[in-house]
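Asks: First the structure, then my questions, so here it is.
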Amino acid sequence: MPAAARSFYRNPANVAGLQALPWLDVRGAHYFDLVLTHMAYTAVQTQNENGYWETHPKANWLAREYKIGHRYMDNRRNVDNATFLHRFAQRKPDPAIRASLA
């Protein structure tokens, strides 16, 4: 749960990006091009030195069951984000995005 009613945690999954990718090729959908490009570069910039995207909030059940605290790697979200970047780079080749996937 977020710290306050009007706050949020960044979710590294980029599910919205995956769902919006089909709009990237639609004529006149410049908005989607801008938003998806922003999402892709944000993902590149937030990738840590170990090559993954951290999930920041502490999940009480993960802490209780597995002793996992804040800023952990959630495989599910990282796979979704890497899939988004891969599919984005297929349509809009970019060396920075390709490097983040290497």
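The values are calculated or read from the model by the stated rules, or taken from the named source; none is laboratory data. Source: prediction; values computed, not measured. When we count neighbours, we look across all protein chains shown, and the Cβ atoms used for this are built from the backbone with ideal geometry, even at glycine. Note: areas computed on protein heavy atoms with side chains; ligands, DNA, RNA excluded. Shrake-Rupley method; radii C 1.70, N 1.55, O 1.52, S 1.80 Å.
Asks: List the pairs whose first member sits in segment 80-91 and is closer than 18 Å to residue 54 by Cα, whose second member is assigned to a helix (DSSP H, G or I) and open to solvent by 10 Å² or more (accessible area, probe 1.4 Å), and whose Cβ atoms are under 7 Å apart, counting only residues at least 6 apart or on separate chains?
Replies: 80/15; 80/18; 82/101; 83/18; 84/18; 85/100; 85/101
Asks: Continuing with this model, one more query. Can you pull out every residue in segment 8-21 that is in contact with a helix residue (DSSP H, G or I) (Cβ under 9 Å, 6 or more places away or on another chain) and free of Cβ contacts under 8 Å to residues at least 40 places away in the same chain?
Replies: If the condition is that a residue be in contact with a helix residue (DSSP H, G or I) (Cβ under 9 Å, 6 or more places away or on another chain) and free of Cβ contacts under 8 Å to residues at least 40 places away in the same chain, then 16, 20 are the ones that fit.
Asks: Which one is modelled with the highest pLDDT among residues in segment 1-51 that are in contact with a strand residue (DSSP E or B) (Cβ under 8 Å, 6 or more places away or on another chain) and open to solvent by less than 50 Å² (accessible area, probe 1.4 Å)?
Replies: Applying the filter and picking the extreme gives 48.
Asks: Among the residues of segment 53-61, is any in contact (Cβ under 8 Å) with a residue 40 or more places away in the chain and among the polar types (S, T, N, Q)? Give the steps one after another, and end with the answer.
Replies: Going residue by residue through segment 53-61, those that are in contact (Cβ under 8 Å) with a residue 40 or more places away in the chain are 53-57.
Those still in the list that are among the polar types (S, T, N, Q) too: 55.
Scanning segment 53-61 turns up at least one residue that is in contact (Cβ under 8 Å) with a residue 40 or more places away in the chain and among the polar types (S, T, N, Q).
The rows are residues; the columns are (1) more than 22 Å from residue 32 (Cα to Cα); (2) touching a Phe, Trp or Tyr at 6+ places or on another chain (Cβ under 6 Å); (3) charged (D, E, K, R).
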position	(1), (2), (3)
69	yes, no, no
75	yes, no, no
80	no, no, yes
88	no, no, no
95	no, no, no
